[in-house]
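Rule-based calculations on the coordinates, nothing more; no lab input. Note that the structure is predicted; figures quoted are calculated from it, not measured. Because the Cβ atoms are built from the backbone with ideal geometry, glycine has one as well, and the counts that use them run over all protein chains shown.
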2 protein chains.
Amino acid sequence: MKQPVALDAMGGDKAPRETVAGALLASAAGVPVLLVGDQEKLRAELAAQGGELPIVHAADVIEMHAQATEVRRRRQASVNVAMRLVKEGQAAAAVSMGHSGATMAAALFTLGRIRGIERPAILAEIPSDAPSGKVHLIDAGANADVRPRHLLQFARMGAAYAEIVSRVSAPRVGLLSIGEESSKGSQLVLEARPLLEASGLNFSGNIEGRDVLADVADVVVTDGFTGNVVLKLAEGEARVLFSWIKRALSTSLKAKLGGLLVKDALRALAARMDPAEYGAMPLLGVKGPAFIGHGASDRRAVANALRRAWLMAGAGLVEALADVE
Amino acid sequence: MKQPVALDAMGGDKAPRETVAGALLASAAGVPVLLVGDQEKLRAELAAQGGELPIVHAADVIEMHAQATEVRRRRQASVNVAMRLVKEGQAAAAVSMGHSGATMAAALFTLGRIRGIERPAILAEIPSDAPSGKVHLIDAGANADVRPRHLLQFARMGAAYAEIVSRVSAPRVGLLSIGEESSKGSQLVLEARPLLEASGLNFSGNIEGRDVLADVADVVVTDGFTGNVVLKLAEGEARVLFSWIKRALSTSLKAKLGGLLVKDALRALAARMDPAEYGAMPLLGVKGPAFIGHGASDRRAVANALRRAWLMAGAGLVEALADVE
């Protein structure tokens, strides 16, 4: 019997209302959830929402404006307690919508790094034209400055995730650069490329920004600065384009009428590009599934995050990564 | 009387057919154009298209696969001749759809750098929610690795361009990063921020990927690696999203009918996001207006590039930048 997913129910801008609501949604969909946080507050919230879930008490919570350096000494913070449950085998995965830096720090301190991985990295799934319907971007923001060998480690983790969790066989790995030629790119990319070529991965060479969402790669490897910009631009551009479409469909009577007819089709597409669809991103390279969600997450994002954590927890990725080195 | 725009008519995948066709379109729209390239070939192409334009002969042409280092010694290459026409005052601006690296090298060698600018940079205009309808991204790809002071120089050039060419008063300058807090970002960004704060520019702080197309900044400053990824992702994502929309609008009879009614409105939007709309990007920081276009440019892109070059040539940007330091 798999252990439940531990949710830092106090983390996030809309906690505990939306975290509890999301946990109830996920639970109703068959994902066992353990709420971690202030017992009294969580009980009251569950009562208000008319639901029941197990609670593990945590007296403290890392606020959104706290320093990530405080994480280590605030042992009773909900995010730390959630990670400890994973470490001790009482939870299959941990999810937090709180302070991202604090969640990363808690995962690192409590779970520790997998041998051979110097820098745990965030993996983001972005809807794309690849056969699996998505591209796996790594690092999406954990490490702003990295060395070439870190990119190789990111590539191994991203490929393992794509293969084991997303079930893409022999995932194509692309190195994000500014030209397909091996002679182009930053110093970092130029030095990383031979490492990837010799890696034994299904390396498909450099990939440009224009092909990130095309059917060119299943895994896109980059540093956490560029990756975070890519992830957020992809989200932001979709939002802006759909707002323009909405405006364009109100400019004439003909467009308005057509707009009514295409509304459902467009809404489904906009939902696909909505980050809440993914809910949270895994931090790969730590010894246990840990997910980092957006502070603004609503119940749908929380529920989706819990579902993804549950899916990954059962896939054996951490074990597979531990075997890599 | 302003001098004409010199077009490297031999540069680009579709030269000279599309370069000549684009030049004729621009000329018909009131932009004086000078074709630079092989006299015989250009005369034949003009005759075939039934148009007339002045030609300056250039015996050589830098092929798309050439090394940028060859540019200096191939003095008779069309891109070098076009730059010399600018330097000698016989052309108001130079435009090439050929080898980007070669165009940059030709501009640097022939025109030289403006004092105070160590690294000329490419400026890209991307459609956005800003009041001017666009955001000015600099550097969009000329310098993959830069130092903090180069970002300050990019900021000055981008702001001057936005003010003088796009007529945005006191343009808001954002520094692309991975968090709005000044404590977040790569080492490069952390060191560049105080320089921007002390610059006297209308610096609005760090800007995240999600806000690049929002009404948050008029100028977005970044290194040429990140900038090139941003530019190409913005183009690529628009292409992918519109292809998904097209597909979504053929899934049901209702959607198909609606699709017919909204086709014109969506087509206008897709055109707005089409890079051919801009045609070419200026290389700022050299002593003369020089534009770098995409190798795949068709006649519309060529014509738009010539129009933009003409606009910038008359604006006095180079003179204004020379006064900055």
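Taking the Cα centre of the range A:121-275 as origin, work out the dipole magnitude from +1 charges on Lys and Arg Cβ and -1 charges on Asp and Glu Cβ, in debye rounded to 20. Please report the intermediate quantities before stating the final value.
Working: 18 positive and 18 negative charges, 154 e Å.
Its charge dipole is roughly 740 debye.
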query = Any idea what the A:Glu88 label distances to the other copies are, label 7 Å down the Cα→Cβ vector, nm, shortest first?
reply = 8.3
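Pull out the extension gain between B:Ser250 and B:Asp145, defined as 0.36 nm times the separation in residues minus the alpha carbon to alpha carbon distance; nm, one decimal.
Values: separation 105, 0.36 × 105 = 37.80 nm, distance 4.49 nm.
Full-extension gain reported as 33.3 nm.
Can you say what percent of the DSSP beta bridges in the range A:24-177, counting only those with both residues inside, are antiparallel? Round to 5.
Working: 5 of 9 bridges.
In the range A:24-177, DSSP labels about 55 percent of beta bridges as antiparallel.
Wrap a convex hull around the Cα atoms of the range B:1-48, take a quarter of its surface area, and give that in square nanometres. All intermediate terms of the calculation are to be shown ahead of the outcome.
Values: hull surface 13.2 nm².
Spelled out: convex hull of the Cα atoms, projected over all directions, averaged, 3.3 nm².
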Distance in nm between pseudo-label sites at B:Asp13 and B:Arg115 (7 Å out along the Cβ direction from Cα) = 4.3
query = Considering only the label points, 7 Å along Cα→Cβ from Cα, what distances in nm to one decimal separate A:Gly112 from the same position in each other copy, shortest first?
reply = 6.4
ask   = Among B:Pro131, B:Pro148, B:Pro120, which one shows the biggest mean-square fluctuation in a GNM of chain B, springs joining Cα atoms closer than 10 Å?
value = B:Pro131
message = What is the distance in Å between the Cα centroid of the range A:232-272 and that of the range B:264-325?
response = 29
ask   = How far apart, in nm, are two points set 7 Å out from the Cα along the Cα-to-Cβ line at A:Gln49 and at A:Gln187?
value = 5.0
key: Within a Gaussian network of chain B (alpha carbon springs, distance under 10 Å), most fluctuating of B:Pro32, B:Pro194, B:Pro275   = B:Pro194
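Do you know the relative contact order of the range B:1-99, to the nearest whole percent, from alpha carbon pairs under 8 angstrom that are 6+ apart? Let's see the in-between values first.
On the way: 192 pairs, mean separation 38.2, N = 99.
The value is 39 percent.
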remark   = Shielding of A:247-260 by other chains, given as the mean Cβ count within 10 Å, works out to 5
task = Evaluate the distance, in nm, between pseudo-label points positioned 7 Å from the Cα of A:Leu257 and of A:Glu88 along their respective Cα→Cβ axes.
result = 6.7
task = Return the long-range amide H neighbours of A:Val56 (sequence gap of 5 or more, or a different chain), with a cut-off of under 5 Å between placed amide H atoms.
result = A:Leu35, A:Val36, A:Gly37
inquiry  = I need A:Met104, B:Met97, A:Met157, B:Met64 ordered by Cβ neighbour count within 10 Å, fewest first.
reply    = B:Met64, A:Met104, A:Met157, B:Met97
key: Distant-in-sequence amide H partners of A:Gly174 (H built 1.01 Å from N, under 5 Å)   = A:Ser204, A:Asp218, A:Val219, A:Val220, A:Val221
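Please state the relative contact order of chain B as a whole percent: Cα pairs under 8 Å, 6+ residues apart?
Values: 718 pairs, mean separation 77.1, N = 325.
Normalised by residue count, the contact order of chain B is 24 percent.
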query = What percent does the relative contact order of the range A:121-275 come to when contacts are Cα pairs within less than 8 Å and at least six residues apart?
reply = 29
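Nearest-5 percent of antiparallel DSSP beta bridges in the range A:121-275?
Values: 5 of 14 bridges.
Here the share of antiparallel DSSP bridges comes out near 35 percent.
Taking each residue of A:267-275 in turn, how many C-beta atoms of other protein chains fall within 10 Å of its C-beta, and what is the average? Can you show the working numbers first?
On the way: counts 1, 3, 6, 1, 0, 3, 3, 0, 1.
Per-residue shielding by partner chains comes out at 2.
Direction-averaged shadow area of the convex hull around the Cα atoms of the range A:121-275, nm²? Working shown, then result.
Working: hull surface 38.7 nm².
Over every viewing direction, the Cα hull of the range A:121-275 projects on average to 9.7 nm².
Shape of the range B:3-146 from its Cα gyration tensor (a ≥ b ≥ c, root eigenvalues): rounded if a/c is under 1.5, otherwise prolate when a/b > b/c, or oblate?
On the way: a/c = 1.82, a/b = 1.27, b/c = 1.43.
Since a/c reaches 1.5 but b/c is at least a/b, the shape of the range B:3-146 is classed as oblate.
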request  = Let me know the mean shielding of B:125-138 by other chains, meaning the per-residue number of their Cβ atoms within 10 Å of its Cβ.
outcome  = 1
query = Pick from A:Ala280, A:Ala248, A:Ala105: which residue has the top mean-square fluctuation in a GNM of chain A where Cα pairs under 10 Å get a spring?
reply = A:Ala248
task = Quick one: P(r) of chain A from all Cα-Cα pairs, 10 Å bins, percents rounded to integers, in order of increasing distance.
result = 6, 26, 31, 23, 11, 3, 0
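Which of B:Thr103, B:Thr251 comes first, and how do the rest follow, when ranked by fewest Cβ neighbours within 10 Å?
Numbers: B:Thr103 29, B:Thr251 13.
Ascending number of Cβ neighbours within 10 Å: B:Thr251, B:Thr103.
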query = What fraction of the DSSP beta bridges in chain B is antiparallel, stated in percent and rounded to the nearest 5?
reply = 30
